[in-house]
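Data first, discussion second: the structure below is written as structure tokens.
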Amino acid sequence: MPVTYDHSYVEDFASGAGVLSPRAWLDDDAARVPLSGEWSFRLSPSLAEAPDDLLDPDVSGWDTIAVPGHWQLSGYGAPAYTNIDYPFPVDPPHVPTANPTGDYVRTVTVPSDWDGRRVILRFEGVDSRFAVFVNGESIGWSSGSRLPSEFDLTELVAPGNEAKIAVRVHQWSAGSYVEDQDMWWLSGIFREVNLLGLNPQAPTDVFVHATYVDGTGTLKVDSDVPGTVVVEELGLEFPTGFETPVPSVEPWSAESPRLYDAVLRTGGGDVRLRIGFRTIAIVDGVLTVNGNRVLFNGVNRHEFHPDRGRALTEQDMLDDVLIMKRAGINAVRTSHYPPHPHFLDLCDQYGLYVVDECDLETHGFGYEPQPPKLPNPVMDPRFEADLVERMRRMVERDKNHPSIVLWSLGNECGMGENLKSMYAFTHDRDPSRPVHYERDTHAEFVDVYSQMYTSLEKVTEIGEDPTSYRGLPFILCEYGHAMGNGPGGLSDYRALFDKYPRCQGGFIWEFIDHGLRTTKDGREIYAYGGDFGEEIHDGNFVCDGLLFPDRTPSPGMHEYIKVIEPLVIAGDTTGITITNRYEVLDTSHLTFRIVTEVGGERVGSGTLAVPAIAPGQTVTVELPPAATADVQPETWVTVTAELTESTPWAEAGHRVAWGQLRLDHPTGARHIAGTASSASASAAVAGAAATSSLPAEAVVGGEARHARSDAGEDVSAGANGIDVGSLGVRNLRLDVWRAPIDNDVIPGVSNAWLEAGLHRVQHRVVSAGLVDGAWEVVTRTAPPALQWGLVATWRWTHAQDGSVVLDLSVEPDGQYPAALPRLGITFELPKVSQVEWFGTGPGEAYVDTRAAAAVGKYSATVEQLQTPYVRPQENGHRIDTRWAQLDSLRVEAAPDLFGLTVRDWTTADLAKAKHAPDLVAGDTTYVTLDLAQAGIGSNSCGPVLPAQYQLKTAPASLSVKFSVPTD
Ligand code: IPT
């Protein structure tokens, strides 16, 4: 006979019942039976339909499911994505009656040698709320999806006997109201479950306090069971509860994560500790670790795997840490919940500063709602105990990790008294770490001031007035929104972090795209919001990482690596300057190599002797005489700094920094080729302006023949028989549109483009004929229904070498739009197999995402030139191309540099595609040579594209040469 039990806990404001007090994550002598693996499983669509049989479940006929895991990724129900909105009515603490309920059951034999032990059932993470039944008893419930919960089973189980464990998991609960993070809604037991056998005399909670000031440390270990602390390596042995001075100790930092193995010995058993001596302090408004100013080159990390969701393996966590370390990332904000504890162990070990964030977000309420709106849970006293308990559970679990330098109360909750209570608890329990909370916009109670997606102007303002916001250190807990193609402008932020001591860096939003691997119409895709039929969703806003879902780096990651690299290598013809931007390391662990290239061909290479440079110092090294002996046009010197020896996170030879200087240019500047283009868009924009299109036929194809007959002369088919049409060039025209990137879409920039008709311009030949020895065609490119256009003059001549030279000039006409996404010429070629080019590479680069682009000679297939953004969009542009060879066509800057984009589909196809497999190559390749293109920015969640990166409509010109390759 099933027993009916009370489900009112699902809508209870509390955190749980029958749960043990939170405590530190310890490497102790507790015996452990892992309960990962297959559990019997049953999903009911609602609580009402979930049988009341968990006191004595008969699992015959049930399915099985892997624990840890999410049921939506195991064949039950479907994932759903919303950013801010709750996918259910906002009516706290109530949740829908159709509340999917997952029942998990398994048995475990309690080891027979556990006599006298306390038996604890520990859950590392269950989403969102769950009740536990053991051997016919209801033992309690817990909440807080990314927080651990422990239940004492000692009285219910017996060594040598089986224990039957049943867990009822609710997709929605009162807890869902405070777990409104921007991510997939995924339910279930998604972190490990363990049965622990504790010696009742063993310590259960330990708090390590280790400091470092000027070469000397202190160490104190508090333990609920007194004992002796032994640090063999330091010759230390002292009792718990007492602070011991530790002379001559090496400090822990992200760059040099020195850990000392220690052991706490007690009568009840040992606890192994890994001690990092470090002191976090705020000195004159600057956050310091061991007295050094910290600059956060950070990322926001969600736990994510394209198949497993938030159920990560230890290998996934290690992969993340190694990717970060190799990238030069030094900090991670655990957005927006405490990560799996193993991840924090890795941060201690490999060296990453951590902002550990509480499992709290209430974004869907709005920040400070006033009546008649409902109060935000952070303003609602009924939620206070749970919120403080959430903070307590995180701080107690994670307090012994030296990597954690800031506690964070949560994300996007607005302001409310409950946050102050969380702060008060935290500050009192652990005064050694400052507390962060971004929505404390007036810095009322936080220890560091934080903003997100701040404009360069505002960062400058905060830097210029170090007394504002109580004079606290300033960080950007989120910036550089890495959605789709982007983020742009990272170098500009870095320049401000270098300029203003209180501006201490930030955390890119975010580390990885949360695209779930699935199939649609038989093809594998990375799914985003809406792909699972969600009624309300936020589309691909969930794909905004520096990594693609499979953890391969996006161009944004390459850009970030370059922007944050620990050395700045620059210089000019008088020498190479190297600045050390490390916090504590000198450069003695690095080997410097130098390569000289002329026009992309290597003419010399070797190692470069560089003295050890101390942090913050700059040295100038002479260029090797061979490099300067015979300087030709496009002579480039590339200097790289690589690891001399392998480290725990990278092999010897791993590149940590590089720089390029140009020897045939007086300033040696990287991006310059005759003009002042380089890092600012404005110069490129000098060549950027109006649009005009020229149907290829008008010049060289069918219509050209009409034009020719009119003019009675054929210039495009010259003496050598070279004619652009005969080179395979078809349908040459002016092009003014790009497939909107996410940064163009969200604030509606791309709508303005559509209103201006940029996506459907038409072309008219105004005139064609011989003018001053050139075949000159004038066209007007304009959208239907509107009264503006771009008048282009195409002058075609032959060069001495037989190539065809195009001098194009463009003038805007009428009420033209103020800015354009691009101004270029697009033409078609029979399908191209290989593209070789001399310019920037190897990856894509735009005017504000070009830090990682090196000048050199590259080769790629058309497929390799595409960047597989989860939602297809403009990509693959190579800025400042000098020449490109596309199978049997060579295009050369003469002398203007152009942006090169080559793809096997049209811009319209790209704009229409929802997922990568929607793009199918045909037998035509589309080539765009841009005079200029607008920058990328970060406007999908951030400031508008800075004016210097916008492409203003203005007169523009371009000269290029077309020919048959000679080799
Ligand atoms: C900000 C959130 O904190 C983060 O979780 C994510 O949603 C990000 O935006 C966008 O991807 S909040 C935003 C309103 C600034």
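Summary table
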quantity: Criterion: part of a strand (DSSP E or B), within 34 Å of the chain's Cα centre (by Cα) and over 30 Å from residue 374 (Cα atoms) - qualifying residue of 42, 122, 106; calculated: 122
quantity: Meets criteria (open to solvent by 10 Å² or more (accessible area, probe 1.4 Å), outside the structural domain of residue 557 (by TED's automatic domain parsing) and farther than 21 Å from residue 543 by Cβ) for residue 871; calculated: no
quantity: Whichever residue in region 515-535 is touching a strand residue (DSSP E or B) at 6+ places or on another chain (Cβ under 6 Å) and in a loop (DSSP other than H, G, I, E, B) and, among such residues, is surrounded by the fewest Cβ atoms within 10 Å (Cβ to Cβ); calculated: 534
quantity: Test result for residue 496, more than 30 Å from residue 581 (Cβ to Cβ), at pLDDT 95 or above, surrounded by 17 or more Cβ atoms within 10 Å (Cβ to Cβ) and more than 11 Å from the ligand (Cβ to nearest atom); calculated: no
quantity: Filter pass, residue 13 being within 28 Å of residue 412 (Cα to Cα) and either of a type outside the set (Gly, Ala, Ser) or surrounded by fewer than 20 Cβ atoms within 10 Å (Cβ to Cβ) (or both); calculated: yes
quantity: Cross-chain or 6+ apart pairs with Cβ under 7 Å, region 262-283 first and under 17 Å from residue 245 (Cα atoms), then open to solvent by 30 Å² or more (accessible area, probe 1.4 Å) and aliphatic (A, V, I, L, M); calculated: 279/213
quantity: Region 238-259, residues that are assigned to a strand (DSSP E or B) and open to solvent by 10 Å² or more (accessible area, probe 1.4 Å); calculated: 238, 239, 244, 245, 257
quantity: Qualifying residue in region 397-412 (condition: outside the structural domain of residue 26 (by TED's automatic domain parsing) and assigned to a helix (DSSP H, G or I)); calculated: yes
quantity: Any hit, region 304-324, residues being within 16 Å of the ligand (Cβ to nearest atom), within 23 Å of residue 438 (Cβ to Cβ) and crowded, with 19+ Cβ neighbours inside 10 Å; calculated: yes
quantity: Out of 917, 946, sole residue that is farther than 23 Å from residue 821 by Cα, open to solvent by 20 Å² or more (accessible area, probe 1.4 Å) and either touching a helix residue (DSSP H, G or I) at 6+ places or on another chain (Cβ under 6 Å) or in the same structural domain as residue 731 (by TED's automatic domain parsing) (or both); calculated: 917
quantity: Checklist (1) in contact with a helix residue (DSSP H, G or I) (Cβ under 8 Å, 6 or more places away or on another chain); (2) open to solvent by 10 Å² or more (accessible area, probe 1.4 Å); (3) touching a residue at least 60 places away in the same chain (Cβ under 8 Å) applied to residue 466, failing item; calculated: (1)
quantity: Test: residue in region 826-843 that is open to solvent by less than 20 Å² (accessible area, probe 1.4 Å) and within 22 Å of residue 947 (Cβ to Cβ); calculated: no
quantity: Per-region count, region 27-79, residues aliphatic (A, V, I, L, M), in contact (Cβ under 8 Å) with a residue 40 or more places away in the chain and under 28 Å from residue 515 (Cβ atoms); calculated: 5
quantity: Subset tally (residues that are more than 15 Å from the ligand (Cβ to nearest atom), open to solvent by 10 Å² or more (accessible area, probe 1.4 Å) and under 18 Å from the mean Cα position of the chain (by Cα)) for region 536-551; calculated: 3
quantity: Of all residues making up region 734-752, the number that are touching a helix residue (DSSP H, G or I) at 6+ places or on another chain (Cβ under 7 Å) and modelled with pLDDT of 95 or more; calculated: 8
quantity: Positions within region 480-493 being away from the ligand (no atom under 16 Å from the Cβ) and at positive phi, in sequence order; calculated: 489
quantity: Matching entry among 285, 291, 276, 298 (being under 14 Å from the mean Cα position of the chain (by Cα), more than 24 Å from residue 68 (Cα to Cα) and outside the structural domain of residue 615 (by TED's automatic domain parsing)); calculated: 298
quantity: Every residue from region 446-458 that is open to solvent by 10 Å² or more (accessible area, probe 1.4 Å), in a loop (DSSP other than H, G, I, E, B) and under 16 Å from residue 412 (Cα atoms); calculated: 453
quantity: Selection within region 213-237 - outside any strand (DSSP E or B), within 30 Å of residue 293 (Cα to Cα) and of a type in the set (Asp, Glu); calculated: 214, 233
quantity: Hits in region 327-376 - residues which are open to solvent by 10 Å² or more (accessible area, probe 1.4 Å), hydroxyl-bearing (Ser, Thr, Tyr) and within 16 Å of the ligand (Cβ to nearest atom); calculated: 367
quantity: Residue satisfying condition, being within 16 Å of the ligand (Cβ to nearest atom), of a type in the set (Ser, Thr, Tyr) and at negative phi, within set 81, 104, 76; calculated: 81
quantity: The lone exception for residue 554 - which of (1) away from the ligand (no atom under 16 Å from the Cβ); (2) polar (S, T, N, Q); (3) open to solvent by less than 50 Å² (accessible area, probe 1.4 Å) it fails; calculated: (1)
quantity: Top-ranked residue in region 166-186 [being more than 16 Å from the ligand (Cβ to nearest atom) and either farther than 25 Å from residue 409 by Cβ or part of a strand (DSSP E or B) (or both); ranked as nearest to the chain's Cα centre (by Cα)]; calculated: 171
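For (1) within 26 Å of residue 20 (Cβ to Cβ); (2) surrounded by 19 or more Cβ atoms within 10 Å (Cβ to Cβ), each residue gets a yes or a no:
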{"position": "177", "(1), (2)": "yes, yes"}
{"position": "193", "(1), (2)": "yes, yes"}
{"position": "200", "(1), (2)": "yes, no"}
{"position": "204", "(1), (2)": "yes, yes"}
{"position": "207", "(1), (2)": "yes, no"}
{"position": "210", "(1), (2)": "no, yes"}
{"position": "213", "(1), (2)": "no, no"}
{"position": "217", "(1), (2)": "no, yes"}
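The values are calculated or read from the model by the stated rules, or taken from the named source; none is laboratory data. Since the model is a prediction, treat every value here as computed from it, not as a measurement. Heads up, the Cβs are rebuilt from the backbone with ideal geometry, glycines too, and the neighbour counts pull from every protein chain shown. Side chains are part of the model used for accessible areas, which takes the heavy atoms of the whole protein and leaves out ligands, DNA and RNA. Shrake-Rupley method; radii C 1.70, N 1.55, O 1.52, S 1.80 Å.
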